[in-house]
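Asks: Right, I'll just put the structure down here and ask away after.
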Amino acid sequence: MKNILFVISGPSGVGKGTMVKRLASKGELAFSVSCTTRAPREGEADGVHYFFLSEEEFLKRVANNEFLEYDNHFGNYYGTLRSFVEEKLKNESVILDLDVVGALNLKRVYPEAVLVMLLPPDKEALKERLIHRHSETPEQIDDRLARVDYELSLKDRFDYTVLNDKADEAEQQLREIYLQEKNKA
Ligand code: 5GP
């Protein structure tokens, strides 16, 4: 069995973070801690949820080719650290929480990565989740919702899609996909 890169992606508010947390909490998948230039939210710790960097520090790392992929959405940079992922992969599989474009970019440099797009039951459900998590302003919510159709239109380029209607069922499907892919080698 090989260690794999298991990428959970999908539109903002679809529940990627929750699914990734659930899967990583069982100890078999290491969470890839990304770098970001956005400010920490309440309860987020540096080095645990993200490595929080200034824009200058982030761009220095871009110039040093330290990211497997990076992207700028909604005015902030997000990037996957090559060294972090490669180090973890020596011993365990790695789970990543990436936006849709970032996931496809990662697949270009790392074709063995397994990409899953989480799908919302409908757009209204996404809006509800974004409103209820209270981490975005109304303008930010509108920006994120405006991207949803474009992001969903890219779903055929993913290895799998999983409907996130009932969280327990979605988690179970993700676990099955992970085990199937891990046992392929
Ligand atoms: P948030 O600010 O809500 O934590 O994340 C915003 C978006 O950034 C989410 O869609 C999340 O999946 C994505 N994201 C988190 N880390 C990375 C990364 O390293 N690279 C890319 N491309 N997107 C990321």
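Asks: Looking at the calculated P(r) for the chain, what percent of the C-alpha pair distances fall above 31 Å?
Replies: Summing the P(r) of the chain above 31 Å gives 11 percent of all pairs.
Asks: Taking 8 Å as the Cα distance limit and 6 or more residues as the minimum spacing, I'd like the relative contact order of the chain as a percentage.
Replies: Once normalised by length, the contact order is 35 percent.
Asks: Can you give me the % of accessible surface on the chain that is carbon or sulfur? Probe 1.4 Å, all protein chains present, nothing else counted.
Replies: Working: 4620 of 9640 Å².
About 48 percent, which is the carbon plus sulfur part of the accessible surface.
Asks: Further question on the same structure: Need the C-alpha centroid separation for the stretch 75-110 versus the stretch 4-21, integer Å.
Replies: Here the answer is 12 Å between Cα centres.
Asks: Leaving ligands and nucleic acids out of the surface, order M1, M117 by accessible area at 1.4 Å, largest first.
Replies: If we order M1, M117 from most to least accessible, we get M1, M117.
Asks: So what is the 222 nm mean residue ellipticity for the chain from helices alone, if each DSSP H run of at least 4 adds -39500 (n - 2.57) and you divide by all residues, rounding to the nearest 500 deg cm²/dmol?
Replies: Roughly -12500 deg cm²/dmol at 222 nm, from the helical runs in the chain.
Asks: So what is the accessible area of the chain per residue, in Å², with the probe set to 1.4 Å?
Replies: Solvent-accessible surface per residue comes out at 52 Å².
Asks: Mean-square fluctuation check for the chain, GNM, Cα pairs under 10 Å: which of V14, V48, V162 is largest?
Replies: V48
Asks: Across 10 Å bins from the origin, how do the percents of Cα pairs in the stretch 98-185 run, short distances first?
Replies: Histogramming the stretch 98-185 at 10 Å steps yields 15, 41, 34, 10, 1 percent.
Asks: Of all GluC sites (Glu not before Pro) in the stretch 82-185, which ones are in loop regions per DSSP and have a Cβ with at most 15 other Cβ atoms within 10 Å?
Replies: Counting only loop positions with at most 15 other Cβ atoms within 10 Å, the GluC sites (Glu not before Pro) in the stretch 82-185 are E92, E112.
Asks: If I model a spin label as a point 7 Å beyond the Cα along the Cα-Cβ vector, how far apart are those points for V62 and A167 in nm?
Replies: 3.4 nm
Asks: With θ taken as phi - 60° and the coefficients 6.51, -1.76 and 1.60, list the Karplus ³J(HN,Hα) couplings across the stretch 87-97 in order, rounded to whole Hz; mark glycine and proline as x.
Replies: Calculated HN-Hα couplings, in order: 5, 4, 4, 4, 10, 7, 6, 10, 10, 10, 10 Hz.
Asks: Multiply the residue separation of R157 and E44 by 0.36 nm, subtract the distance between their alpha-carbon atoms, and state the gained length in nm to one decimal.
Replies: 37.5 nm
Asks: How long are the semi-axes of the equivalent ellipsoid of the stretch 78-124, taking √(5λ) for every eigenvalue λ of the Cα gyration tensor, in whole Å from largest down? Write down the numbers at each step before the final one.
Replies: Details: eigenvalues 110, 28, 21 Å².
Taking √(5λ) for each Cα gyration eigenvalue gives 23, 12, 10 Å.
Asks: Using a Gaussian network model of the chain with C-alpha springs under 10 Å, which one of G102, G27, G79 is most mobile by mean-square fluctuation?
Replies: Maximum among the listed residues: G27.
Asks: Among H134, H49, H73, whose mean-square fluctuation peaks in a Gaussian network model of the chain (Cα, cutoff 10 Å)?
Replies: Of H134, H49, H73, the most mobile in the Gaussian network model is H134.
The values are calculated or read from the model by the stated rules, or taken from the named source; none is laboratory data. Bear in mind that the values here come from a model prediction, so they are computed numbers and not experimental data. A quick note on method: Cβ atoms are made from the backbone with ideal geometry, for glycine too, and the neighbour counts reach across all protein chains shown. Note: accessible area is taken over every heavy atom of the protein model, side chains too, but ligands, DNA and RNA are not part of it. Shrake-Rupley method; radii C 1.70, N 1.55, O 1.52, S 1.80 Å.
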